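Worksheet: one structure, shown below.
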Amino acid sequence: MSTAALAPPNSARSLFSSVIVKKAIMAATGAALYLFVTVHLLGNLQVFLGPEAINTYAAKLKSIPEILWGARLGLLTLVGLHILTTIQLMKINSKARPVAYAKKANSASTAASRTMYLSGPTIAAFIVYHLLHLTVGSAHPQFSETDVYSNIVFGFRVWWVSAAYLVAMALLCTHLSHGVQSMFQSLGFNHPKHTPRIKKFAHAVGLIYFAGFASMPLAALSGFLPPFFERL
Amino acid sequence: MNLTLHVWRQANAAAPGRMERYDARNVSEDMSFLEMLDVVNEQLIAESKEPIAFEHDCREGICGSCGFMVNGVAHGPQRGTTVCQLHMRHFKDGEELYLEPWRATAFPVLKDLVVDRGALDRIIAAGGYVSVRTGSAPDGNAISVPKEAADISMDAAACIGCGACVAACPNAAAALFTGAKISHLGTLPQGQAERSRRALRMVEQLSLEDFGACTNIGECEAACPKQIPIEMIARMNHDHLKAAWQTRGARKSGGGE
């Protein structure tokens, strides 16, 4: 028998050059980052419990530097892999259709799914600003190392900071509303019964997370979150 | 009814192409889209002009020969329908229609609306087969096939290889086509022997042909004249990831190869 057609594939090459493996990397890193966003949202919503609750929580997170830096490096690696794989896939996709259609209609895709290449880079840019604003503090007018509560309240009292934050969160949540369902498909899970539920869940995630994230700057701007001057 | 057509005209693979405007007059609503083009071509021939080239064969929606974009939608606006089975009653008098060939690096335009879909054949050749023993016919029902597997396989086997999924995909990916072929064979007991290799090789070929990567947005499913669901892409992803993990390469010693 001729073995030319049946020779086993070069496993190492086919593993990392495969577009499906690349999509699986997107899905796995995306899933981990989605979990981080969930924990981050829940943690920060403690701002509504008052300064003591959130400041204690923040101090606890920072108490063991090994864990703190481990988590930070882990997150950075995840974001890096997610972006690197996107760039690789974008290169492949940009080569696949050199002549654009004179007229092209969208029949089934959602706006969220078509704007992943827009929402993604915006989120990346936001992460850089967000770190300088509320983690490093260099982009914050009155940054305190220990008083996370006042950092949030005073940070968001600047209207354009809140506006930019709301735009970034809207795009993050659109990104999630496609990403959270897309990761199942990329990893090979699609079922006529479960997939519609997963899609509903992903859309709910987008809306609920946006409500959660938006509540903080809106509360700071409207004065619902008191500045607690006496505690400073 | 009267229609205005804007059609991509390209003399051959090397020549540059452009959109040209034609009038289609007195179109009967009982005509199929291709019959309407036949009438336009008769007129062009009468005027000693080059008729519009388009691919067609069975004209009953089962061969997979025909297909082009009508107003940016593969096979036109009617879901689950090839362009040869699309009837003019779905259009309004006075409508302007843009007809373009499938656009993909993997599908070079040969002439006007005709593209070379050899890339799909090469994906099949890379692994879209099962090995059978020759000789006398096997006993019927010797291999039990679960009903569910037979159903999924049959849904996937409906693929006629027209290329609409590639044309509709914003990334010009052939994921639905390849997913359908992998699922068609991979869900049946008869397709198990080559299942891993099939999932690796056909996907590898897909990249070698310069098709794009799937972004799970579902345009292919909407364009497919056989309404093959993107569940088939997930099945391909599953088979491919499992195979990519399990594959061990050539054995150093022993074995029967």
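The values are calculated or read from the model by the stated rules, or taken from the named source; none is laboratory data. Computed from a prediction, not measured in an experiment: that's the story for all the values here. All Cβ positions, glycine included, derive from the backbone under ideal geometry; neighbour counts span all protein chains shown.
Worth a mention:
- Qualifying residue in the stretch A:151-161 (condition: of a type in the set (A, V, I, L, M) and under 18 Å from the mean Cα position of the chain (by Cα)): no
- Subset of the stretch B:198-213 (residues that are more than 7 Å from chain A (Cβ to nearest Cβ) and out of contact with any Gly (no Cβ under 6 Å at 6 or more places or on another chain)): B:Ala199, B:Gln205, B:Leu206, B:Leu208, B:Glu209
- Selection from the stretch B:214-249 of residues that are more than 20 Å from A:Ala112 (Cβ to Cβ), within 7 Å of chain A (Cβ to nearest Cβ) and among the polar types (S, T, N, Q): B:Asn237, B:Thr247
- So A:Ala124, is it free of Cβ contacts under 8 Å to residues at least 12 places away in the same chain and among the aliphatic types (A, V, I, L, M): no
- The combined condition, being hydrophobic (A, V, I, L, M, F, W, C), out of contact with any strand residue (DSSP E or B) (no Cβ under 6 Å at 6 or more places or on another chain) and either modelled with pLDDT of 95 or more or surrounded by 12 or more Cβ atoms within 10 Å (Cβ to Cβ) (or both), is fulfilled by B:Phe33.
- Scanning the stretch B:213-227 for residues that are surrounded by fewer than 24 Cβ atoms within 10 Å (Cβ to Cβ) and in a helix (DSSP H, G or I) turns up B:Glu221, B:Ala222.
- Test for B:Glu96: is it assigned by TED's automatic domain parsing to the domain that holds B:Met31 and surrounded by fewer than 21 Cβ atoms within 10 Å (Cβ to Cβ): yes
- Counting only helices (runs of 4 or more DSSP H) that sit completely within the stretch A:91-167, those holding 3 or more residues that are within 14 Å of chain B (Cβ to nearest Cβ) correspond to A:111-114, A:116-130.
- In the set B:Ser65, B:Ser131, B:Ser136, B:Ser48, only one residue is of a type in the set (Ser, Thr, Tyr) and under 15 Å from B:Cys165 (Cα atoms); that residue is B:Ser65.
- Of note, B:Gly140 does not satisfy the criterion of being of a type in the set (Gly, Ala, Ser), in a loop (DSSP other than H, G, I, E, B) and at pLDDT 95 or above.
- Residue in the stretch B:82-137 that is farthest from the chain's Cα centre (by Cα), counting only those that are polar (S, T, N, Q) and either farther than 30 Å from B:Asp239 by Cβ or outside any loop (DSSP other than H, G, I, E, B) (or both): B:Ser136
- B:Ala158 fulfils the conditions (1) modelled with pLDDT of 95 or more; (2) over 30 Å from A:Ile87 (Cα atoms); (3) touching a helix residue (DSSP H, G or I) at 6+ places or on another chain (Cβ under 6 Å); (4) not basic (Lys, Arg) except for a single criterion, (3).
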